[in-house]
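Here you go, one structure.
The values are calculated or read from the model by the stated rules, or taken from the named source; none is laboratory data. This one's a predicted model, so the numbers in the text were calculated from it and none came from an experiment. Cβ: placed from backbone, ideal geometry, glycine included. Neighbour counts: every protein chain shown. Accessible surface is based on the protein model in full, side chains and every heavy atom, while ligands, DNA and RNA are left aside. Shrake-Rupley method; radii C 1.70, N 1.55, O 1.52, S 1.80 Å.
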Amino acid sequence: TPHMSRVAARTVLTTTLSAVAGGLTACIGNKLMLSKTWQVMSVCNGILAGLVSITAGCSVILPPHALLVGSVGGLVYLGVSHLTLLVLKVDDPLDAFAVHGGCGLWGLLAASLFAHPLYVGSIGLPTPGAFYGDATLLTAAAVGSLAIVAWVGISSSLLFLLLQRLGLLR
């Protein structure tokens, strides 16, 4: 249907814009603020950061906002990666937690902030995002994020404790 093809086209556009913005922001941010060198890994993980950041809201966010979501995703990736390795001393050689954990949480919040009133009804959301005057989605995203963090934290801790007790954890 024409309506669904507009939603699909918007989804493709916002996803692509966010990926580009995340890649550029992470690459330039890493060069200026962290390593002082150009790194391919920063570009690749920045692209992934932009993709993860836009996933929750790709069909309801305006294209200019997708650029912002991807750019913030690139910065979130850099910050969480730095925090994980240098502050918490956890070795994550692929930066999977920074990309998926950090940018995933940012993406949930971004969707609840930027969901446009013209687009939310087309996919069945009851209200627009907080920047359009309704905090319902933001509240739901905050509660959902806390539930995700609690579930992952508890289940991972139990698994790692079991593996440690069995002598299977390095």
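Given that compact globular proteins tend to follow 2.2 N^0.38 Å, what is the ratio of the alpha-carbon Rg of segment 83-170 to that value?
Details: Rg = 17.7 Å, N = 88, 2.2 N^0.38 = 12.1 Å.
For segment 83-170, the normalised Cα radius of gyration comes out at 1.47.
How big is segment 1-75 in terms of Cα radius of gyration and Dmax, in angstroms?
Using the Cα atoms of segment 1-75, the pair Rg, Dmax is 13.3, 49 Å.
Same structure, new question: Given N residues in segment 1-44, what is Rg(Cα) / (2.2 N^0.38 Å)?
1.66
While we're on this one: Using a 1.4 Å probe on the protein chains only, how many percent of the accessible area of the chain belongs to carbon and sulfur? Write out the running numbers ahead of the final one.
Working: 7350 of 9690 Å².
Summing carbon and sulfur atoms, their accessible area is 76 percent of the total for the chain.
Along the Cα-to-Cβ line of Cys44, 7 Å from the Cα, sits a label point; which residues in segment 67-100 have backbone N less than 13 Å from it?
Counting backbone N atoms under 13 Å from the label point, the list is 93-96.
Return the sequence-ordered ³J(HN,Hα) values of segment 23-32 in whole Hz as given by the Karplus equation 6.51 cos²θ - 1.76 cosθ + 1.60 applied to θ = phi - 60°, using x for Gly and Pro.
x, 5, 5, 5, 5, 5, x, 5, 5, 7
Now for a different question. What do you reckon, how do Arg6, Arg165 stack up by accessible area (1.4 Å probe), largest on top?
Numbers: Arg6 145, Arg165 185 Å².
Highest to lowest solvent-accessible surface, that is Arg165, Arg6.
Using bins 5 angstrom wide from zero, how does P(r) for the chain break down, in % of all Cα pairs?
In order of increasing distance, the bins hold 2, 10, 15, 18, 17, 14, 11, 8, 4, 2, 1, 0 percent.
What accessible area per residue comes out for the chain, rounded to a whole number of Å², with a 1.4 Å probe?
On the way: 9690 Å² over 170 residues.
So the chain comes to 57 Å² accessible per residue, rounded to a whole number.
Over the C-alpha atoms of segment 27-126, what are the Rg and the largest Cα-to-Cα span, Dmax, in Å?
My reading of the Cα-based Rg and Dmax gives 14.6, 46 Å.
Using θ = phi - 60° and the Karplus curve 6.51 cos²θ - 1.76 cosθ + 1.60, what whole-Hz ³J(HN,Hα) does each residue of segment 155-165 get, with Gly and Pro shown as x?
Couplings: 5, 5, 4, 5, 5, 5, 5, 4, 4, 5, 5 Hz.
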